[in-house]
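The numbers here are math on the coordinates, done by the rules we state, and not lab data. As the structure is a computational prediction, the values presented were derived from the model and not from experiment. Cβ placement follows ideal geometry from the backbone for every residue including glycine, while neighbour counts extend to all protein chains displayed.
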Amino acid sequence: MIKNIVFDIGNVLVRFQPDEAMREIGIEENKIAALAHATYENPVWVELDRGVIPENEIIDEMVKVAPQYEADIRRFFKEGKAFVVKAFDYAADWIKELKSRGYKVYLLSNYPKDYFELHTHSELSFVSLVDGKVISAMVGMIKPDAGIYQCLFDKYNLNPKECVFIDDRPENIEGGRKLGMEGIVFTDYETGKKKLEQMLMAKSKED
């Protein structure tokens, strides 16, 4: 039986929109593609999620990709953080509805620590509704590393076989499955909700 619903955050409960953040702080449209390549499309971006390397060192690496836009890159990190995510309208209601039916709800997300703390007071207001969370930069591990899933199980004494994980990245779902957790690759709310309900019904019939 499924007792626990585990959500990723980015592109599941909130829209990740760094380009919009750049526009919000006044960066010119003709620079955005180059800044995207240097920042969030850069492989080093994942180190923000891991939270082991200081942010200023990561930014320095990004500047090397587009040194002509150094001022804009640094401004994006200084002024744009508040705008890089936008909560989906359904996020809080989906969590509330699942909890009203007796399910426990958890968050398991790759997320930089200072971004998470900032967004908790705005776009991540639904954090107050959940039963627990493991955020990558706070534990020094990222999905799909096995350790971060195990951290969730251990912290909240969860049986992986009683969990279903909803994430937009197939490799993250596969990481959970390897440890016994059911998974749904999220593409959109309507499809994701339908797949979840089908899974919950099927699992209840098995028991």
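Worth pointing out:
- Residue 14 long-range amide H proximity, modeled H, under 5 Å: 88
- Taking the charge dipole of the chain about its Cα centre, with +1 at Lys and Arg Cβ atoms and -1 at Asp and Glu Cβ atoms, the residue from 156, 118, 202 reaching farthest to the positive side is 202.
- For the chain, modelled as a GNM whose springs connect Cα atoms under 10 angstrom apart, the maximal fluctuation among 51, 175, 26 occurs at 26.
- Spatial separation of Cα centroids for region 98-124 and region 155-207, in angstrom: 17 Å
- Calculated mean residue ellipticity at 222 nm for the chain: -14000 deg cm²/dmol, from DSSP H runs with n ≥ 4 weighted as -39500 (n - 2.57), summed, divided by the residue count and rounded to 500.
- Dipole magnitude for region 36-127: about 440 debye, using +1 per Lys or Arg Cβ and -1 per Asp or Glu Cβ, origin at the Cα centre.
- Measuring between alpha carbons in the structure, the pairs from 133/203; 133/205; 3/86; 81/195; 86/205; 81/178 lying more than 26 angstrom apart are 133/205; 3/86; 81/195; 86/205; 81/178.
- DSSP finds beta bridges in the chain, and of those with both partners inside it, around 15 percent are antiparallel.
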